[in-house]
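The values are calculated or read from the model by the stated rules, or taken from the named source; none is laboratory data. Keep in mind it's a predicted model, so treat the numbers as computed, not measured. No Cβ is skipped: glycine too gets one built from the backbone with ideal geometry, and neighbour counts run over all protein chains shown. For the accessible areas, the whole protein counts, side chains as well, though only heavy atoms, and no ligand, DNA or RNA atoms are used. Shrake-Rupley method; radii C 1.70, N 1.55, O 1.52, S 1.80 Å.
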Amino acid sequence: MILNKRLFAFIGARSGSKGLVDKNIKMFHGKPLIAWTVEAALNSQYIDKVFVSTDSEKYAGIAQQYGAEVIDRPEYLSNDDSSLAEALQHAYEQIKALHGEFNIALNLQATSPLRTCKHIDEAIELYTSRDNEELRLFSCYQLEPKYAWIMKCNEQGYAHFVDNNEQIKTNHARQKNNSIYMPNGAIYILPTNDLSKFYNDTSIPYVMNQAESIDIDTIQDFELAEQLYLYP
């Protein structure tokens, strides 16, 4: 709890990963990958409850072993096209029935083992420092200013800057570029009165370094994360 507001952590962990099979429970430096996120959330000084949403009995058992409560995720929210926001909304309905209402939800990605309780608490403090009921927070890392020049082609094959402000400039100086952020998926914070989207017009970034931001999707990501853990 912070500022008399109740917080819960949601950790989505469906089975059936195609890129790296069972990545959520793959052993990472002595513990299943998901355990790193469960323990980080439990060690937060502000989070009141930690829940894992999963369609797997095996995953559920591991989550409970490390201290999380489990929400059974239905099959229609467990396929490759399932919406994470819908899974979060489903879980919150179950959570409310068991534990009453909360004010703030955190979505913590199970595949971000280098995101710690320190990051989580810093993000919560940043989020709650703003007096805005519609506010969202996303974790990210900062890109080099040159990435402001990223372009895409339209249907006619003509290239345009993704950033419309770059399109109208006549002088493209890297030193004058605005800050560019890449969301890393490790932390999202949003109000429980609207769990339908993770971004809106009042989203704020919580900046982590690029190494801590690693998100495991492939065996190459996993091996890199293992090295970054040993040699940050």
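The figures follow:
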| item | result |
| --- | --- |
| Per residue solvent-accessible surface (Å²) - the chain, probe of 1.4 Å | 53 Å² |
| Using a Förster distance of 30 Å, the FRET efficiency for Met151-Glu122 (Cβ separation, nearest 0.05) | 0.30 |
| Pairwise label distance in nanometres, Gln45 with Glu101, each label 7 Å out on the Cα-Cβ vector | 2.8 nm |
| Relative contact order [Cα under 8 Å, 6+ residues apart], the chain, whole percent | 24 percent |
| Linear extension gain, Tyr158 paired with Asn200, 0.36 nm per residue minus alpha-carbon span | 12.2 nm |
| Exposed GluC sites (Glu not before Pro) absent: longest stretch of the chain, with sites in DSSP loops and at most 12 other Cβ within 10 Å deemed exposed | 1-100 |
| Residue-level accessible surface for Met182, protein heavy atoms, 1.4 Å, Å² | 80 Å² |
| Portion, in percent, of the accessible area of the range 46-159 that falls on carbon or sulfur, probe 1.4 Å | 45 percent |
| DSSP beta bridges in the chain [antiparallel fraction, %, rounded to 5] | 50 percent |
| Label-point separation in nm, Asn4 to Ala85, each point 7 Å along Cα→Cβ | 3.0 nm |
| Length-normalised contact order for the range 114-166 - Cα pairs under 8 Å, 6+ apart - percent | 21 percent |
| Table column - 3J(HN,Hα) (Hz), the range 127-137, Karplus curve with 6.51, -1.76, 1.60, x for Gly and Pro | 4, 7, 6, 9, 9, 8, 6, 9, 4, 10, 10 |
| Within the range 99-142, trypsin sites (Lys or Arg not before Pro) in DSSP loop having at most 12 other beta-carbon neighbours inside 10 Å | Arg130 |
| Under Karplus coefficients 6.51, -1.76 and 1.60, residue-wise ³J(HN,Hα) of the range 203-219 in Hz, glycine/proline x | 8, 10, x, 10, 8, 10, 7, 5, 5, 5, 7, 4, 10, 8, 10, 10, 5 |
| 10 Å-binned pair-distance histogram of the chain (Cα, whole percent) | 7, 30, 34, 20, 8, 1 |
| In Å, descending, principal axis extents of the Cα set of the range 1-86 | 41, 32, 19 |
| Longest DSSP-loop-exposure-free segment, chymotrypsin sites (Phe, Trp or Tyr not before Pro), the chain, at most 13 other Cβ within 10 Å | 1-157 |
| Low-density loop positions, trypsin sites (Lys or Arg not before Pro), the range 1-105 - DSSP coil, at most 13 other Cβ in 10 Å | Lys18 |
